[in-house]
1. Counting just the residues of region 11-32 that are modelled with pLDDT under 75 and of a type outside the set (Gly, Ala, Ser), which one comes out surrounded by the most Cβ atoms within 10 Å (Cβ to Cβ)?
2. Could you tell me whether any residue of region 1-10 is under 27 Å from TYR88 (Cα atoms), in contact with a strand residue (DSSP E or B) (Cβ under 7 Å, 6 or more places away or on another chain) and at pLDDT 80 or above?
3. Of all the residues that make up region 48-70, how many are free of Cβ contacts under 8 Å to residues at least 60 places away in the same chain and aliphatic (A, V, I, L, M)?
4. How many residues, within region 57-104, are in contact with a strand residue (DSSP E or B) (Cβ under 7 Å, 6 or more places away or on another chain), modelled with pLDDT under 90 and not in a loop (DSSP other than H, G, I, E, B)?
5. Looking at the structure I just gave you, is SER43 modelled with pLDDT under 80 and under 30 Å from MET1 (Cβ atoms)?
Amino acid sequence: MIYSKWKPATGQYDYFESSEQHGIGDDLSTPRLAQFSPIGVASVDAGRHLPASAHAVGSGPDAKGCVVPIARSALGTITNIVSKEALYFIGGLATMWLIFRYKK
């Protein structure tokens, strides 16, 4: 089975291949994803986990097979330095400022 993992630094996907076999028309099980927000799962967290048996087979511009979640470290320092709660607080303050500014 082929897996694709997006690399934000290059804008391309790395391809991995595992020894798993699935028949044509067989549905894969629904992955269990941790939900951090009431509206769902972040797109960078969505996808199937890469099996331990997978090995790199190349890269390219398009996703092939199953998509693997992106490592948070690949998204840049903002997600590593600033906590989720701090970003919500800053967003809330900015929203309140906009409401009061344009309400006048």
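The values are calculated or read from the model by the stated rules, or taken from the named source; none is laboratory data. Computed from a predicted model, the values in this text were never measured in an experiment. Here the Cβ positions follow ideal geometry from the backbone for every residue, glycine too, while neighbour counts run over all protein chains shown.
1. Of everything passing the filter in region 11-32, PRO31 is surrounded by the most Cβ atoms within 10 Å (Cβ to Cβ).
2. For region 1-10, residues under 27 Å from TYR88 (Cα atoms), in contact with a strand residue (DSSP E or B) (Cβ under 7 Å, 6 or more places away or on another chain) and at pLDDT 80 or above: present.
3. Number satisfying all stated conditions: 6.
4. The qualifying residues number 3.
5. yes
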